[in-house]
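S.K.: There's a structure below that I have some questions on.
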Amino acid sequence: MPDFIYLARGRPQRPRANLIQTLHTVEAIAKAGVDARLYVPPLPRGFDMAGFLTGMGIHHPIDLRGALTLHSKWKGWPFVLTHRRELREAQTVYTRVPDFSVLLARSGLQHCLEVHDTESLIGDGLITPLLQAHQHGQLRGLAAITAAGRDALVEAGFDSARIVVLPSGVDLPAFSAVPTATEADFAQPHALYVGRISRDRGLPLFEAIAAAGFTVTLIGPQDHAPAQPHEHLRIEAAVPHAEVPAALARGAVALMPYQADLRHAATISPIKLFEAMAAGRLVIASDLAPIREVVRHGENGLLVPAGDPAAWIAAMRQVQSDPAAALAMAEAGRIAARDYGWDARAAKLLAFAHNTDAHA
């Protein structure tokens, strides 16, 4: 029986950021010598697991199992019924799926929940059942990905002593290997964005920056097209996660234009932020409370109002006019990113889980 069980909803056949974070967290737990098992929804017949893990940048063996009983149409009940003994005997049961947490609590199973979006918990009516599970001991502890998220949970009534802050992480060896940018790179800055391309993730800002004469390359799945073609705006298909370091090496500036009206904007902890910093790219990001927990304006990056195109263009011109300062901020960002390796995240998670075990 495994000591650590992670229950996930992400599907390997359609990987997104949540599954990338889960995979790297489980890999780091396994590297720490813990017998960990990750359950995900059922996998297609003939699924290339080895190729998938390589593409996700996973190099250490992990115990990843697709479970038919985790199919979304059954909402987890068959899994809990068929795996009850395994779940009871594990030292730690962990999930980032609030619905699974409520289900585990109703089944009398102790566990920990990682919270990414407190606004959704409120909107979906899950605060009350989770708070009851927390008070009765089934929900032993919560991991918030930002201090802002922790504060929101405390305000909702959860015990601050049983909440840990676990920001997202980065594969430090992979991204630290990206060649350092130079002052010349910042004198003619090429801006990059790697992620989903949509209007609510800053597409109008990218268009405005390109229209101002700066080269902007967007790499990722495309939900929306630009309003009109731009000579300096390039859009490329998504690349496997393992190829993101090479993609970041192509530019000196990484744009993070998270909009304030995103549902999870109040508690966001984006993997791509830590990756860009670890790669030594200068981050220009939206000035949101959770981003300020990582990026210090003028020290290790630049923060600008989320929806103000003129401010984003001004930030790019600031980089261009003072490339030495831009390089210094990028290097400070690379140093700051060293605190966010997956191994450090896993160590903190395991220590927290052990502490909640001791007080169960």
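S.K.: One residue is enough: does segment 40-48 have a residue meeting the conditions out of contact with any Ser or Thr (no Cβ under 9 Å at 6 or more places or on another chain) and surrounded by 14 or more Cβ atoms within 10 Å (Cβ to Cβ)?
M.R.: Yes.
S.K.: Are there any pairs with C-beta distances below 6 angstrom linking a residue in segment 64-93 that is within 17 Å of LEU109 (Cα to Cα) and assigned to a strand (DSSP E or B) to a residue that is among the aliphatic types (A, V, I, L, M) and open to solvent by 10 Å² or more (accessible area, probe 1.4 Å), with the two at least 6 apart or on different chains, and if so which?
M.R.: Every condition considered, no pair remains.
S.K.: Need a quick list: helices (runs of 4 or more DSSP H) entirely within segment 282-345 having at least 1 residues that are open to solvent by less than 40 Å² (accessible area, probe 1.4 Å), under 18 Å from ILE209 (Cβ atoms) and not β-branched (Val, Ile, Thr).
M.R.: On the way: elements: 289-292, 309-321, 323-337.
In segment 282-345, the matching helices (runs of 4 or more DSSP H) lie at 309-321, 323-337.
S.K.: Just for segment 47-82: of the residues that are under 25 Å from PRO98 (Cβ atoms) and hydroxyl-bearing (Ser, Thr, Tyr), which one is modelled with the lowest pLDDT? Spell out the reasoning first.
M.R.: We begin by selecting, within segment 47-82, every residue under 25 Å from PRO98 (Cβ atoms); these are 56, 62-82.
Those still in the list that are hydroxyl-bearing (Ser, Thr, Tyr) too: 69, 72, 82.
Numbers: THR69: 94, SER72: 85, THR82: 95.
Going through the qualifying residues, I end up with SER72.
S.K.: So which of ALA249, ALA279, ALA260, ALA266 ends up being surrounded by fewer than 16 Cβ atoms within 10 Å (Cβ to Cβ), within 22 Å of GLY301 (Cβ to Cβ) and not aromatic (Phe, Trp, Tyr)? Please lay out each step first, then the result.
M.R.: Numbers: ALA249 fails: surrounded by fewer than 16 Cβ atoms within 10 Å (Cβ to Cβ); ALA279 fails: surrounded by fewer than 16 Cβ atoms within 10 Å (Cβ to Cβ); ALA266 fails: surrounded by fewer than 16 Cβ atoms within 10 Å (Cβ to Cβ).
Just one listed residue meets the conditions, ALA260.
S.K.: Among ALA184, ALA211, which is out of contact with any helix residue (DSSP H, G or I) (no Cβ under 6 Å at 6 or more places or on another chain), farther than 25 Å from GLU243 by Cα, small (Gly, Ala, Ser) and modelled with pLDDT of 95 or more?
M.R.: On the way: ALA184 fails: farther than 25 Å from GLU243 by Cα.
It is ALA211.
S.K.: Please find, within segment 72-105, the residue that is surrounded by the most Cβ atoms within 10 Å (Cβ to Cβ) out of those that are touching a helix residue (DSSP H, G or I) at 6+ places or on another chain (Cβ under 8 Å) and basic (Lys, Arg).
M.R.: Top of the filtered list is ARG96.
S.K.: Tell me, which residue of segment 134-146 that is among the small types (Gly, Ala, Ser) and crowded, with 17+ Cβ neighbours inside 10 Å is farthest from ASP339 (Cα to Cα)?
M.R.: Taking segment 134-146 first, the residues among the small types (Gly, Ala, Ser) are 137, 141, 143-144.
Subsequent filtering for residues that are crowded, with 17+ Cβ neighbours inside 10 Å retains 141, 143-144.
Numbers: GLY141: 23, ALA143: 17, ALA144: 17 Å.
Checking each candidate, the answer is GLY141.
S.K.: Pull up segment 349-360, narrow it to residues that are touching a strand residue (DSSP E or B) at 6+ places or on another chain (Cβ under 7 Å) and modelled with pLDDT of 95 or more, then point me to the one that is least open to solvent (accessible area, probe 1.4 Å).
M.R.: Going through the qualifying residues, I end up with LEU349.
S.K.: Going residue by residue through segment 204-215, is there one that turns out to be open to solvent by 50 Å² or more (accessible area, probe 1.4 Å), touching a residue at least 40 places away in the same chain (Cβ under 8 Å) and more than 20 Å from GLN320 (Cβ to Cβ)?
M.R.: Yes.
S.K.: So which residues in segment 147-156 are open to solvent by 10 Å² or more (accessible area, probe 1.4 Å) and either at pLDDT below 95 or not β-branched (Val, Ile, Thr) (or both)?
M.R.: Step one: list which residues in segment 147-156 are open to solvent by 10 Å² or more (accessible area, probe 1.4 Å), which gives 147-148, 150-152, 154-156.
Answer for segment 147-156, where residues must be open to solvent by 10 Å² or more (accessible area, probe 1.4 Å) and either at pLDDT below 95 or not β-branched (Val, Ile, Thr) (or both): ALA147, ALA148, ARG150, ASP151, ALA152, GLU155, ALA156.
S.K.: Also, quick follow-up: Mind listing whichever residues of segment 1-19 are at pLDDT below 95 and either closer than 22 Å to PRO167 by Cα or open to solvent by 30 Å² or more (accessible area, probe 1.4 Å) (or both)?
M.R.: Of everything in segment 1-19, those that are at pLDDT below 95 and either closer than 22 Å to PRO167 by Cα or open to solvent by 30 Å² or more (accessible area, probe 1.4 Å) (or both) turn out to be MET1, ARG9, GLY10, ARG11, GLN13, ARG14, PRO15, ARG16, ALA17, ASN18, LEU19.
S.K.: Go through (1) free of Cβ contacts under 8 Å to residues at least 60 places away in the same chain; (2) among the aliphatic types (A, V, I, L, M); (3) open to solvent by less than 70 Å² (accessible area, probe 1.4 Å) for ALA32 and report which single condition fails.
M.R.: (1)
S.K.: What residue, among those in segment 175-192 that are exposed (fewer than 14 other Cβ atoms within 10 Å of the Cβ) and of a type in the set (Gly, Ala, Ser), is farthest from the chain's Cα centre (by Cα)?
M.R.: ALA184
S.K.: Still on this structure, please answer the following. Within segment 157-174, take every residue that is open to solvent by 10 Å² or more (accessible area, probe 1.4 Å) and aliphatic (A, V, I, L, M) and give me the one that is farthest from GLY251 (Cα to Cα).
M.R.: Taking segment 157-174 first, the residues open to solvent by 10 Å² or more (accessible area, probe 1.4 Å) are 157, 159-165, 167, 171-174.
From the residues that got through so far, the ones that are aliphatic (A, V, I, L, M) too are 161, 163-165, 172, 174.
On the way: ALA161: 42, ILE163: 38, VAL164: 35, VAL165: 31, LEU172: 19, ALA174: 17 Å.
For segment 157-174, the residue satisfying everything is ALA161.
The values are calculated or read from the model by the stated rules, or taken from the named source; none is laboratory data. A quick note: this is a predicted structure, and the numbers were derived from the prediction, not measured. Please note: Cβ atoms are built from the backbone with ideal geometry, for glycine as well, and neighbour counts cover all protein chains shown. Just the protein is used for accessible areas: all its heavy atoms, side chains included, with ligands, DNA and RNA removed. Shrake-Rupley method; radii C 1.70, N 1.55, O 1.52, S 1.80 Å.
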